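Report on the structure given below.
The numbers here are math on the coordinates, done by the rules we state, and not lab data. Since this is a predicted model, take the numbers as computed values, not measurements. Because the Cβ atoms are built from the backbone with ideal geometry, glycine has one as well, and the counts that use them run over all protein chains shown.
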Amino acid sequence: MAFLFFYVLITTNLKKQLDDRLSQKISEFEAIYNLQGLDEVKEAALIESRAAGEKKIFFRLLYASGVAFSSSNMSYWRAIGINRKAVRQLMTSRSRVYETLSIPGRDDRVRIAYGVIGHKIVVQLGYSMETDIAFVAIFKRIFFVTMSALIITAVLVGWFMARRAVSGVEAVTRTARQISESDLGRRVPIMARHEEIDRLAVTFNQMLDRIEKLVVGIREMGDNIAHDLKSPVARIRGMAELSLSGEAGVSDELISLAGNTIEECDRLLDMINTMLMISKTDAGAGDLNLEMVNIAQVARGAVKLFSPLAEDKGLTLSCDTPEALMVEGDLKMLQRAMANLFDNAIKYTPPPGHVDVRVFREPGNKQQINIAVKDSGIGIDNQDLSKIFNRFFRCDQSRTAGGSGLGLSLARAIARAHHGEIHVVSSKGKGSVFTVSLPDHHVH
Ligand code: ADP
């Protein structure tokens, strides 16, 4: 806009200057004509055109009819005729009439002024606009060069600034995404750029600190409660046991009461122990009893173990594993995780159905070994899928089946302690696939 404004300003100004010059010359001729006569005018005009250059200036003297009776050397200006309309107009107004003509075949233009200098005598005066045109051309060139540089710089700077701004936001977003329950330790990297985004990152990190403290606090509280419950429950169980082993004469009712109490106590103790184990496993892999484990064999063992249970329920259990696939891990823990998956698959599959186990190297990712437990059971609601690994979460439809809602949390804690992960794919009414992926020991 600014350039356009300057362009218009410059071109109108140049034209006005030129017009003023032409007008002033005509006034001079008029004065000469009045004081010294027509011949002097002719002389003055010739001198003028020769002094400035015949390609720069020309003049014609005309009668009121528009017929020329004298002129400078017009060989260069042959193409320029006489504008009779302008002459006629002059006869009535007596001021100046201007026009701009382009000369065919040349990219030069000429500014022409008509003026009356005496009784029925008109002068046609032409000035080449060559210098003005050259000046405007330079202006245009500067404009394009500057504009191109400006646009390129603006694009680069804009791109750079946007990237800088967005990269900060991206770092915060990435960290936010990575922060899962057991990875609250992550923080957004702070660059010392003192920009808003860094202040946001600092605030975000402070918030994470507070959340982490809270979560750790809650976890510790849960663990403490579980821990503190352990001994009273064990004592209750002991007492119930004592009453069973007591002298004869205890009524059957009391015996079954004591039996139930022991059973419930065992369930409670099991839950407490599982909770404590999840916390311990979550806390890190330090406590793992690492050895080389043939995970294919573990799967086959589990299948053997669970076959009777599956058969009783009217389910078929199949197993597809290679001879050996080694991972580095804690055998007992891995067995436990797998048992939980088998247990669920059998529990949540109504007969007649089947449970298939597959142990395989991930195609396309040779560094990963998968254990997939697939059932043809009731499946899991989409909205519950993200929650089933939470402690104590149980889907509504499975409340009737026995369980505590801790099995999958333990399985996930175990998988993560082994630098692995557990995933589920499920469609309601059709069945689910739980896949534990563990890193190949060759790589780790
Ligand atoms: P639970 O002791 O209730 O089995 P889990 O932590 O093992 O607890 O599982 C949590 C919930 O996930 C279960 O209550 C059940 O609703 C759902 N679930 C787990 N495995 C399956 C499965 N194979 N098919 C359908 N639902 C399942």
Checklist entry - On full extension of the chain, what length is gained from LEU385 through ILE152, given 0.36 nm per residue of separation minus the C-alpha to C-alpha distance? => result 78.9 nm
Item to check | Computed E for VAL202/ILE225 - FRET, C-beta separation, R0 25 angstrom, nearest 0.05 | outcome: 0.10
Checklist entry - Using alpha carbon centroids, what distance separates segment 195-232 and segment 3-46, in Å? => result 89
Next on the checklist: How would VAL8, VAL41, VAL233 line up from fewest to most surrounding beta-carbon atoms within 10 angstrom?
Outcome noted: VAL8, VAL233, VAL41
Checklist outcome for this item: Length-normalised contact order of segment 195-283, Cα under 8 Å, at least 6 apart, in percent, tallies to 37
Checklist entry - So what's the gap between the Cα centers of segment 377-439 and segment 337-366, to the nearest angstrom? => result 11
Checklist entry - So what is the relative contact order for the chain, in percent, with contacts set as C-alpha pairs under 8 Å and at least six apart? => result 9
Next on the checklist: Sort ARG210, ARG88 by Cβ crowding within 10 Å, fewest neighbours at the top.
Outcome noted: ARG210, ARG88
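At R0 = 45 Å, how high is the FRET efficiency between ARG88 and ALA137 if r is their beta carbon distance? Nearest 0.05 is fine. Please list the in-between numbers first.
Working: r = 36 Å, r/R0 = 0.79.
According to the calculation, E is roughly 0.80.
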Item to check | Calculated FRET value between PHE5 and ARG177, using beta carbons and R₀ = 45 Å, to 0.05 | outcome: 0.35
Next on the checklist: Which of THR173, THR11, THR92 ends up with the largest GNM mean-square fluctuation for the chain, with Cα atoms connected below 10 Å?
Outcome noted: THR92
Next on the checklist: Compute the distance from the alpha-carbon center of segment 256-281 to that of segment 116-158, in whole Å.
Outcome noted: 94
Checklist entry - For segment 399-438, what class follows from the C-alpha gyration tensor (a ≥ b ≥ c being the square roots of its eigenvalues): rounded when a/c is under 1.5, otherwise prolate if a/b is larger than b/c, else oblate? => result oblate
Item to check | Residue (of LEU257, ALA310, ILE295) at the positive-pole extreme of segment 255-395, dipole from beta-carbon charges | outcome: ILE295
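How big is the charge dipole of the chain about its Cα centre, in debye rounded to the nearest 20, if each Lys and Arg gets +1 on its Cβ and each Asp and Glu gets -1 on its Cβ?
Dipole about the Cα centre, nearest 20: 3480 debye.
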Item to check | Value of [θ]222 nm, deg cm²/dmol, for the chain, DSSP H segments ≥ 4, -39500 (n - 2.57) each, nearest 500 | outcome: -19000 deg cm²/dmol
Checklist entry - Can you list the GluC sites (Glu not before Pro) in segment 311-377 that are in a DSSP coil and have 16 or fewer other beta carbons within 10 angstrom? => result GLU323
Next on the checklist: With the cut-off at 31 Å, tell me which of the pairs LYS56/LYS85; LYS230/LYS430; LYS42/LYS140 have Cα atoms farther apart than that.
Outcome noted: LYS230/LYS430; LYS42/LYS140
Checklist entry - ASP209 to ASP396: extension gain in nm, 0.36 nm per residue of separation minus the Cα-Cα distance? => result 63.9 nm
Checklist entry - Of PHE393, PHE144, PHE434, how do they rank once you tally other Cβ atoms within 10 Å and put the fewest first? => result PHE144, PHE393, PHE434
